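Novice: One structure coming up, written as structure tokens, with questions to follow.
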Amino acid sequence: MNKKWMALTAGIVSIITLSVFYFFDSASKPEEIAVEIPEEEVIENKENLVYGIDVTGLNIVEGEVKRNQTLSSILSPFNVSFATIDELAKKSKEIFDVRKIKSNRKFTILTPGDSAVAKYFIYEPNPVEFVVFDLDSLDIYKIEKPVELRKREVAGLINTSLYVDMVKQEVSPELIDLFADLYGWSVDFQGLQKGDKYKVSFKEKVIDGQVVGIEGIETALFEHKGQTYHAIPFEQNGEWNFFDAEGESLKKAFLRDPVKFTRISSRYNLRRFHPVQKRYKPHLGTDYAAATGTEIRAVGDGTVTHATYHRGNGNYVKIKHNATYTTQYLHMSKIAKGMKPGTRVKQGQVIGYVGSTGLATGPHLCFRFWKHGKQVDWLKEKIPPSEPILPENLVAFESTKSQYLQLLASIPFPEDQQRLLAEKETMAEPVSTLD
């Protein structure tokens, strides 16, 4: 009995001794704790997306639509059945009509790595958006690409024309049109002089490194015949408009031109030789030369009174703006959809397209302008501006004006840039010294 207890006691002492030894030994080392990370929390930060689709395990085939190609001829080589293509065409009408697939547009087809059957078809109708066709679920959706806004500042001299000189600086026609509309009632762009100057600050819309449009003009300046015209943006009564340096609004009740920046080919003339009828008769309109299909805009808000065809006028639209003014647009190739008597239109809305219907020798727009029921010379009319800066807003406007004048002053004209470069080169030249 005593031997058993002695053995048990010895065992307990051994355990205690080992425990004490382990305690002091482990205290001399940093404690190592194994932590098991739950599998669902392990996140791989790897993206393999194309058009928002995970293309892991998929083959990517890119191409451009060839002339006369259709959805069927594009997808058939990828083993997509005609029944599937027909169903896609029916389902996609409200999102994108596949009959409008055009040549030279990019498309992408995704196929599984172990199959030649297409899984996705992606088509880019324009640089801004793309349409995804899921060939398994027959789901169709359209997505706009992310747009980067890039600020740009341009200054230049008129040597040829506003359009030609701005295009040389890689300015888009869209901006030129906005610029011409902005100053349409302040500057006669048909009578510009060599040496006139312009400055404009704006933001370009960029997608995949390509400029696809502009957000709008931030501020601008135009020097014509020694006079400077500023365009200062300011919000008044909840609406943003441009004002000159004196606080007068640049906005008028009417746009200056019913077609975007173009050339006037014939003016109001009470004794003009008619090119078709071969006799002298009054020309009571203003002719704008433009290519067939060019958009025609309503110069102001109003109600359509006529949208029809006449043997002499061709396809035409007539708009009553108020009790004083009425406008008419002649020789259209086509009247815009929805134009009929009683239709309300907004300033700048497309109402038709340039053509040569009726008594016309070539494509142009004959624009006519009535004042108190009498046709008058549109180019000589003085249209009242919108409301100027209100007295209670003058202090805020002066502060805003100061900021934009500083911005415009910081944009150098080409000759200033050349002078500054020359000065820098002169300062950089080594100065020789004599011992």
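Just so it is clear, none of the values below were taken in a lab; they were calculated from the coordinates. Predicted, not measured: the structure shown is a model, and the values here were computed from it. Note: ideal-geometry Cβ built from the backbone for every residue, glycine included; neighbour counts use all protein chains shown.
Novice: Using the count of nearby Cβ atoms within 10 Å as a rough guide to exposure, how do Leu110, Leu138 rank from fewest to most?
Specialist: So the residues, fewest neighbours to most, are Leu138, Leu110.
Novice: Quick check: net charge around Ala290, other residues with Cβ under 13 Å of its Cβ, Lys/Arg +1 and Asp/Glu -1?
Specialist: Result for the neighbourhood of Ala290: -1.
Novice: Kindly flag which residue pairs out of Lys91/Lys119; Lys106/Lys142; Lys91/Lys145 have an alpha-carbon separation exceeding 20 Å in this structure.
Specialist: Beyond 20 Å between Cα atoms: Lys91/Lys145.
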